[in-house]
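The values are calculated or read from the model by the stated rules, or taken from the named source; none is laboratory data. Given the structure is predicted, the values throughout are model-derived calculations rather than measurements. All Cβ positions, even for glycine, are placed from backbone atoms using ideal geometry, and neighbour counts span all protein chains on display.
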Amino acid sequence: MTIISNNGFIHKIWNLTLTHRTTISLCFYFFLLTLPAIFVFNKNLASKSLPVSTLYLLFYIVLLLLPLILMRARIYMLILMPFILILPFELIHVVEYDGYTTLAAFSSSIETNYGEASEFLHDYRHYLFLTTPFQILALLAFFLIPRHISVNRTGKIAISAVFTLTCALFSTKTFLDTQETILTEQEKLYARLLSENYPFSYAVKTTQYIDQIIKMRLALAEKANFQFNIQMNSSADKLPDVIVLVIGESSRAINWSLNGYQRDTNPLLSQRHDIINFTHAITAATTTRQSVLLSLTRATPENLTPLTKEKSLIQAFREAEYKTFWLSNQNKLGAVDTPITALANEADVTRFTNVNYMYNPAYDEIMFPMFEQALTDPASKKLIILHTLGSHEVYRMRYPPGFERFKPSSKGDDYNFSSPGIKERLVNSYDNSILYTDFVINSFIDILASRSHSSVMLYFSDHGENLLDDGNMRFGHGGVMPTNYVIHIPMLAWMSKQYHQEHTDKFMAFSKNKDNLISLNSLFDTTLDLASLEIPQQAQNYSIARYPGKSPSSILNPKYDAIPYSKIETTDHAELPTQ
């Protein structure tokens, strides 16, 4: 039986000498695995000189070749095969998010669920379509090489020589650039190169992630008996009955008519005269995971230690004898081993709707009965946190048909960015999700007003979103250097009449601070202040329920770098719709 035909490309390759077959197969693998590095090389040219960028690329290539000195070609290719298979995901990050996969993105991919993963794959399916034929060829190339073939002596010497030369050039550069000990700087340099370059970065990130999980579990045990020693402010007359925090998702301030957007995306909230809209609010981080943690704890982008040493705002309110609720329309990712789930588990009552984001979406109104049930709980004082789906991708799945006001909207072609008019359909769908968020928040306020006396509600989004703005084709959020579309978020407050009368000073402070720069890093202190609670001997208070409010303004990016807000480009101008 003839397995390979006597003509055609595969037959010609098969009839080549073993040396040529090995060389072609290895070169094909190198071509695929260096694609991320080539894209990064192009990005580096904007910030580094051509010689330095070339040196980084050369080092990556020889580092990729180095194992061939020690092992046979087929074993080497077998080890690399998994990285050929996940290559599309690395390309997505390099092209769409400014660099190699970060630890935050790596952690999110492990902690995700089927629905969210399906959405991500659907968003960027064109990468899968483009790379799948090459992945199949890579699998065929693997079988073209017999098991016993190795790189010859000349090749091994050449690889060793180029690697030695590259290291020498790096050492020279390091020596010229630094005043520190050359060995210390070399260690830092190579550790950084390994942690950033694909596929070596996955070994580093796996180690870091495991270390992160171990530390988190140890921290949970260490924090088991943690106390803030909360006390009531000596000047307060009465604690409010209910404090509500509504966490939005992927909503950006620029698309809210409350913030000047020409489309009426907030028809209900704009008619209310009992809300305070903060026009210059910014997130504390560019991903949900980090943003929620930084908002509800005393951690800051510059100091993440409280995440492992202290509990959250929920514990602070429990100490003040508030019954605490975490109600979420997002998925519960892990029983205890993901940071947000661990934080949610601090609450007395924790409920997740566990929707399937992609195939069985539940609109945020599913939370209305949960919210009403929490409000009718017999506890005299309550802290209720509502985690909504908001404008989470896919946008067209975040609102019922009755809210499809802006047309044409997406109908399944959401992420075919080369499709004519795709930006218009994408923005229309996104704006429809904001329109629905307007209805959800307004309903939350009405429900709260009808079932409580002295109460206050804060709404904020975890981060914003890029929507192919300015012709730069950025989409989604994250990114090593975030845009203003991701940084600027909607944030507003509502106070009941009784609360307003009993805490006029806080209402006035909110009113005066509403146009100031407000970071989500202020939320912990602000929420305590709204309930007239305080932590004894706390060095700094960032509450915006005082005037003038003092708000930190750094943003944590996915590489866990704290970026000062002043260093983020402020020249973003979205091409906004005219109707």
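When you look at ARG289, is it under 16 Å from the mean Cα position of the chain (by Cα) and surrounded by fewer than 21 Cβ atoms within 10 Å (Cβ to Cβ), yes or no? So that I can check it myself, show each step before the final result.
Numbers: under 16 Å from the mean Cα position of the chain (by Cα): yes; surrounded by fewer than 21 Cβ atoms within 10 Å (Cβ to Cβ): yes.
Here the answer is yes, as ARG289 does meet what is asked.
Scanning region 415-434 for residues that are at pLDDT 90 or above and either closer than 28 Å to ALA545 by Cα or hydroxyl-bearing (Ser, Thr, Tyr) (or both) yields SER429, TYR430, SER433, ILE434. Take the conditions (1) surrounded by fewer than 18 Cβ atoms within 10 Å (Cβ to Cβ); (2) among the hydrophobic types (A, V, I, L, M, F, W, C); (3) assigned by TED's automatic domain parsing to the domain that holds GLN538; LEU220 misses just one of them, which is (3).
Scanning region 518-527 turns up no residue that is in a loop (DSSP other than H, G, I, E, B), under 21 Å from SER312 (Cα atoms) and touching a strand residue (DSSP E or B) at 6+ places or on another chain (Cβ under 6 Å).
When ASP413, ASP446, ASP462 are checked against the criterion of being free of Cβ contacts under 8 Å to residues at least 12 places away in the same chain and on the phi < 0 side of the Ramachandran plot, ASP446 stands alone in meeting it. Checking each residue of region 263-279 against the condition of being under 21 Å from SER433 (Cα atoms), assigned by TED's automatic domain parsing to the domain that holds SER553, within 20 Å of the chain's Cα centre (by Cα) and surrounded by 24 or more Cβ atoms within 10 Å (Cβ to Cβ) gives no match. Need pairs with beta-carbon distance below 6 Å; first residue crowded, with 16+ Cβ neighbours inside 10 Å and within region 75-88, second not in a helix (DSSP H, G or I); sequence gap 6+ or separate chains. From region 75-88, the pairs are PHE83/PRO199. The residues listed here are THR164, THR154, THR112; of these, the one that is β-branched (Val, Ile, Thr), surrounded by fewer than 18 Cβ atoms within 10 Å (Cβ to Cβ), in the same structural domain as PHE89 (by TED's automatic domain parsing) and modelled with pLDDT under 70 is THR112. Test GLU502 against the criterion of being assigned by TED's automatic domain parsing to the domain that holds TYR261, within 18 Å of GLU393 (Cβ to Cβ) and either touching a residue at least 24 places away in the same chain (Cβ under 8 Å) or surrounded by fewer than 22 Cβ atoms within 10 Å (Cβ to Cβ) (or both), and give yes or no. The answer is no for GLU502. If you go through region 74-83 one residue at a time, do you hit one that is in contact with a Pro (Cβ under 7 Å, 6 or more places away or on another chain) and at pLDDT below 80? Looking through region 74-83, none of the residues is in contact with a Pro (Cβ under 7 Å, 6 or more places away or on another chain) and at pLDDT below 80.
Surrounded by fewer than 24 Cβ atoms within 10 Å (Cβ to Cβ), among the aromatic types (Phe, Trp, Tyr) and not in a helix (DSSP H, G or I): does that describe PHE444? Considered against the rule, which asks whether it is surrounded by fewer than 24 Cβ atoms within 10 Å (Cβ to Cβ), among the aromatic types (Phe, Trp, Tyr) and not in a helix (DSSP H, G or I), PHE444 comes out as no.
Residues in region 293-310 that are part of a loop (DSSP other than H, G, I, E, B) and surrounded by fewer than 23 Cβ atoms within 10 Å (Cβ to Cβ): PRO301, GLU302, LEU304, THR305, GLU310. Out of region 388-405, which residues are aromatic (Phe, Trp, Tyr) and part of a loop (DSSP other than H, G, I, E, B)? Correct list: TYR399 only.
In region 73-91, is there at least one residue being part of a loop (DSSP other than H, G, I, E, B) and not β-branched (Val, Ile, Thr)?
Initially, region 73-91 is screened for residues part of a loop (DSSP other than H, G, I, E, B), giving 86.
Next cut, not β-branched (Val, Ile, Thr) only: none.
Looking through region 73-91, none of the residues is part of a loop (DSSP other than H, G, I, E, B) and not β-branched (Val, Ile, Thr).
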